[in-house]
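The values are calculated or read from the model by the stated rules, or taken from the named source; none is laboratory data. As the structure is a prediction and not an experimental result, all values here were calculated from the model. A quick note on method: Cβ atoms are made from the backbone with ideal geometry, for glycine too, and the neighbour counts reach across all protein chains shown. Heavy atoms of the whole protein, side chains included, go into the accessibility calculation; ligands, DNA and RNA do not. Shrake-Rupley method; radii C 1.70, N 1.55, O 1.52, S 1.80 Å.
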Amino acid sequence: FPLAVRGSEGLYMLNGPPSFTESPAFQRDSGKNCKAVAFSKDGSLFAWCNGEKVNVVNVTRTGLLHSFDLPKTVCLEFSPRNNVLATWQAYATAKDGTAGVPNLQLHDLRTGKCLKSFVQKKMQNWCPCWADDESICARNVNNEVHFFENNNFNTIANKLHLQKVSDFVLSPGAQPTKVAVYVPGSKGAPSFVRLYQYPNFGGPQSALANKSFFKADKVTMLWNKKATAVLVVASTEVDKSGASYYGEQTLHYLAASGESAVVQLPKNGPIYDVAWSPSSVEFCAVYGFMPAKATVFNLKCDPVFDFGTGPRNAAYYSPHGHILVLAGFGNLRGQMEVWDVKNYKLISKPVAPDSTYLAWCPDGEHMVTATCAPRLRVSNGYKIWHYTGSVLHAHLVPSEQEMWQVLWQPFLDGVFPERAVRYQAVPGEPGRAEPRPAQAYRPPALRNKPVTSSKLHEDEPPQNMKPQLGGSDRPLSKTALKNQRKHEAKKAAKQEAKADAHQGPAQAKTPQNALQSTVPAMTTGDPELDKKIKNLKKKLKAIEQLKEQAAAGKQLEKNQVEKIQKEAALLKELEDLELGV
């Protein structure tokens, strides 16, 4: 399984473990202007633009398949079944101000002919999205999603038209294809994400699920592998409370079956990363002001395992989902934690300083970390690791050169079997000395004195959040204690209300009112949740008044009777929200 390396030294392929030699199957392109590379989904085809042409080769048979005269191409992508190559060049208008030429081309890889050209001004979301079997292809055009069928791009087979669709994502896997669409809020109306099943787009009633929310300038939508649910990270550019430089983020969950929920994150602060487990039944979120928390949640959005706090801002599941890497890159020092997900045991804690990129090898055993330009222009290079923490191969490019990208050749699922997790480190690259961690600066007056450890933050330890069978003497976390106190307060209030009811008929009228008056107004820490609770209490109060009017003999309207019938459901919803379900 080769690794493609692109930089100012040209483009070449490196054989992966165990040899780490340059692959003779791919002839090095020494041009210094290689702008884009792409592998097909099954890894059999490889395309690159060297500033003169876009070339497509068969990686296994080492032959040039096609060469397209598109020197300004900056983006490339293969369709899932290798029938089409999409290329994108920067859009440019003519000097006299007339419209530019179509800059998004779709090429038939069997004949080499151009199937269709489109005008696509923005680089963001430039590429059309295909269903995995290529029966459907979709692109966003003027706030509508246009659908084509069986790669016939001359006929629009279907359109999804809402107020203003700003983004969409097709579900992975087999038919039927589902579509998640995002419509930003305007004029006081909330933003929303809806799930549809292609081609049923007949208004809100035909949607599989719907979630609306305020506070969203942009969203990221992530389908799980089995296409049963979507995670939505909604972000605002600015945090109006001034608490965060990163704006504000919330995490929402939508299931194709219709359920939706806000994922309650126990620590305030940014959401750095969210990743689905390949098993599709769990996801990991990295969030909160530094040191950040990382938690695995199940499909009920209940925490399953909490990794405590640490210097991290990214999560990477292995292709088989049996190992999870938590890492701190970018403005953090490159510390990684490698966890066995089945047993929630820490395997290793390697450090890859100045890394800008990490990717799992398709075999689920190895990883590559890289320092790439333009993110960092010094110390460019890559390291190939075994997940037990050993560096098997490292390459540093000469100081006057830059490295722009590294990319593993992909393989289809099932090619590499899942292997048992090992904890013993495999032997690393011979003669390789591990870099010593940088020592903290000490002023001259303290240098000959004993070191006293002082930490700015006490890191929280990892803990299993699954309910323990047969009870446990383990101390509860802050969040668990808070929930326990809340539960006890509710219980006490209910008992007090019952006692009041038994004392005399005057108080026996409404236990709900008694409950409201005895429980102090609690805040959950989530303003959106507090607002919901307040609204529910308001509705319940109105229902109580209607019941009193009915008891006094007043004839109620039909809609008022319907309101009273909803009381049980509202009480259940209120209880769930207050317990943090």
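A simple count of charges around Gly10, restricted to other residues whose Cβ falls under 12 Å of its Cβ and scoring Lys, Arg +1 and Asp, Glu -1, yields -1.
Whenever you get a sec, compute what percent of the accessible area on region 1-135 sits on carbon and sulfur atoms (1.4 Å probe). Before the final figure, lay out each step's value.
Working: 3280 of 6490 Å².
It is 50 percent, rounded to a whole number.
Among residues other than His320 with Cβ under 11 Å from its Cβ, the summed charge is -2 (Lys and Arg +1, Asp and Glu -1). Using the Cα gyration tensor of region 158-315, with a ≥ b ≥ c the square roots of its eigenvalues, what is the shape: rounded (a/c below 1.5), prolate (a/b larger than b/c) or oblate (neither)? It is oblate, given that a/c is not under 1.5 and a/b is not larger than b/c. Here region 202-335 exposes an accessible surface that is 53 percent carbon and sulfur, computed with a 1.4 Å probe and the other protein chains kept in place.
Accessible area per residue for region 19-123 is 53 Å², calculated with a 1.4 Å probe on protein heavy atoms, without ligands, DNA or RNA. Taking the solvent-accessible surface of protein heavy atoms with a 1.4 Å probe, what is the per residue accessible area of region 265-401 in Å²? For region 265-401, the solvent-accessible area averages 34 Å² per residue.
Within region 85-101, list the residues whose amide N lies under 14 Å from a label point set 7 Å along Cα→Cβ of Glu134. It comes to 85-86, nothing else. In this simple spin-label model, placing a label point 7 Å from the Cα along the Cα-to-Cβ direction at both Asn448 and Asn55 gives a separation of 6.5 nm. From most to least packed by mean Cβ count within 10 Å, the peptides 34-41, 407-414, 564-571, 351-358 give 34-41, 351-358, 407-414, 564-571. If a paramagnetic tag sat 7 Å from the Cα of Glu22 along the Cα-Cβ line, which residues of region 29-58 would have the backbone N under 17 Å from that point? Taking a point 7 Å out along Cα→Cβ of Glu22, the residues of region 29-58 whose backbone N falls under 17 Å are 29-34.
Segment Val415..Ser399, full-extension length gain: 1.9 nm, with 0.36 nm per residue of separation and the alpha-carbon distance subtracted.
Here the calculated FRET efficiency for Glu237 and Asp576, from their Cβ-Cβ distance with R0 = 30 Å, stands at 0.40, rounded to the nearest 0.05. For Trp130, neighbours were defined as the other residues whose beta-carbon sits under 12 Å from its Cβ, and their charges (Lys and Arg +1, Asp and Glu -1) total -2. Our note on the geometry: Cα centres of region 185-220 and region 41-78, 37 Å apart.
Assuming R0 = 56 Å, can you tell me the calculated FRET efficiency for the pair Gln549 and Lys300, based on Cβ-Cβ distance, to the nearest 0.05?
Calculated value: 0.90.
The label-point distance for Lys225 and Asn559, in a model that sets each label 7 Å from Cα toward Cβ, rounds to 5.0 nm.
Available extension along the chain between Glu460 and Ser257 is 69.5 nm, counting 0.36 nm per residue and deducting the alpha carbon span. Computed from the Cβ-Cβ distance with R0 of 22 Å, the FRET efficiency linking Asn210 to Asp530 stands at 0.45. Cα extents for region 107-184 along the principal axes, largest to smallest and rounded to whole angstrom: 41, 31, 21.
Ignoring ligands, DNA and RNA, how do Cys114, Cys361 rank by accessible area with a 1.4 Å probe, largest first?
Cys114, Cys361
With a cut-off of 14 Å, note down the residues of region 81-103 whose backbone N falls inside the zone around a label point 7 Å from the Cα of Val74 toward its beta carbon. Backbone N within reach: 88-93, 103. When restricted to Cα atoms, region 265-401 yields an Rg and a Dmax of 15.2, 52 Å, respectively.
The stretch between Thr111 and Tyr357 holds 85.0 nm of extra length on full extension. This uses 0.36 nm per residue minus the Cα-Cα distance.
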